[in-house]
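Everything on this sheet refers to the single structure shown next.
A short reminder: the numbers here are calculations on the coordinates, not readings from a lab. Treat the numbers as computed from the prediction; the structure is a model and nothing was measured. A quick note on method: Cβ atoms are made from the backbone with ideal geometry, for glycine too, and the neighbour counts reach across all protein chains shown.
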Amino acid sequence: MSGHLNKQKICRDFLLPFVFSIGVMLSVDTLAMLGNFLGKTGYSGFLLIFLSAIIYLELLFQYKQLFNLFPGYSTDIEIVKDILGTIPGLFLFFVKIIAVIFLSTGLLVSSGFVFNEVFLYWFPNFAFAFILLGLLLGLQFLPDKAKLFFQIGFVGISIFGLLFLIIAGIIQTDPIIPTKSGGIDYAFMTTKLNILFLPLLLFIGFDLGFIGCNKSRELDSLRYNSIFSAVFFMCILFVLWGIISLANVTPQKLTSTTIPHMIAARNILGDIGRFTMGIIVISGSLAFVHTLFTVISKQGTIISKTIRLPKNINGSKILILSITLIIAGLMAAGLAGEEKLETFIRASLILWMISYTIMSLSYIISLSRPAQKKHINILFSKTKSLIFLLILVICILILIGTDDQSVLIVKFIGLSFLTSFILGIVFAYRDINGR
């Protein structure tokens, strides 16, 4: 009996990091980016997806090593604060708040439009978006076990929905678009180089698997294997869905539309495909917001202890409530659907990538600590990590510099840095001088 319970515990402890790691990757924005990307690159784009996965697996290894070097810490904020200081640590937290605010605004309103157009045309789309936001806020007041149950449900529905469409696309005997090898449009590379780096945005959020569930030093290896499996699984899922999309939608259509996933689903199974993708979009949006709400809540609790926030804002629930009100305000103001919001979303994802460079830098610095110098392979590890860090920085600069709204993205990122810097100074001062 005890052996059976132990297997159940191991299965649960493997599953929870998995569902939190891919909660962001399953969003409709990811599916849209994937479709637009493959519309331009064709089957050659799968190589870039694999290369992007390799970069993130290296980042995952660095995260694992850092958590092993700091076994008493449960979040990346604590690790960065210890190595680089309060300001960079707070920046990591600030990045997730920015991401959940702007991406959730777009995702929830998109879910409202999908519900209106696919399921109940008479139901106001904004009303549905507000209902989802209220539901997600309410979930944060439930016990941890209940929140984890909903997270598994949201992610599970999205995964099984995509697998259902993929299987249907594979067994379909008469695809609308004949399967053929695509090539990279080299003329496009000279004007829209950033499209080739979009796969780097597909795997953002893998790090949430380290934070979304309770820390257990005895399960570090299991947790790492779970997150590794999540990145590998999503890479394969992206490739399979990409192949099915290319077989059922013309590259021109994939590139020109904002809903390539919905068009592919409709072409595969007609109305059933539309309904299935509608469920995937709504469930994926719920998984995304619920993932970040849960992680921010946990990190907010840590920050209140390590950076000594005032007593009246110690509660993580107050933080989530404040974020919810901001999202509701942005939706009510009509920001969703505007081109500016899409730019803010891209900028938020790039900010998240910048936070990965901070973690990578922290790892490289940690290798120089006296306790690590005794290892023979330290030079190889530092060299490898520096190369990956340089690659990541170059990719970020290309994503920013080649974007149509590069100036606005630079302003957005600069303002985010300035805000987190000011807050970091305030909290660092409180940390040193007490309350």
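The string of couplings for the range 258-268 from the Karplus curve (6.51, -1.76, 1.60, θ = phi - 60°) is 8, 10, x, 5, 5, 5, 5, 5, 5, 5, 6 Hz, one whole number per residue in order, with x for Gly and Pro.
Given their separation in residues at 0.36 nm each and the Cα-Cα distance between them, I378 and T250 gain 41.2 nm when the chain is fully extended.
Of the residues K382, K411, the one with the fewest other Cβ atoms within 10 Å heads the list, and the complete ranking is K411, K382.
Sort the following peptides by mean Cβ neighbour count (other Cβ atoms within 10 Å, averaged over residues), highest first: 146-153, 63-70, 90-97.
Order by mean packing, descending: 90-97, 63-70, 146-153.
The residues D271, D76, when put in order of fewest to most other Cβ atoms within 10 Å, stand as D271, D76.
Every pair of different Cα atoms in the range 13-154 enters the Kirkwood calculation, which places the hydrodynamic radius at 18.3 Å. Derived scalar couplings between HN and Hα for the range 318-335 equal 5, 4, 5, 4, 5, 4, 4, 5, 5, 4, 4, x, 5, 5, 5, 6, x, 5 Hz in order, rounded to whole Hz, by the Karplus curve 6.51 cos²θ - 1.76 cosθ + 1.60 (θ = phi - 60°), x for Gly and Pro.
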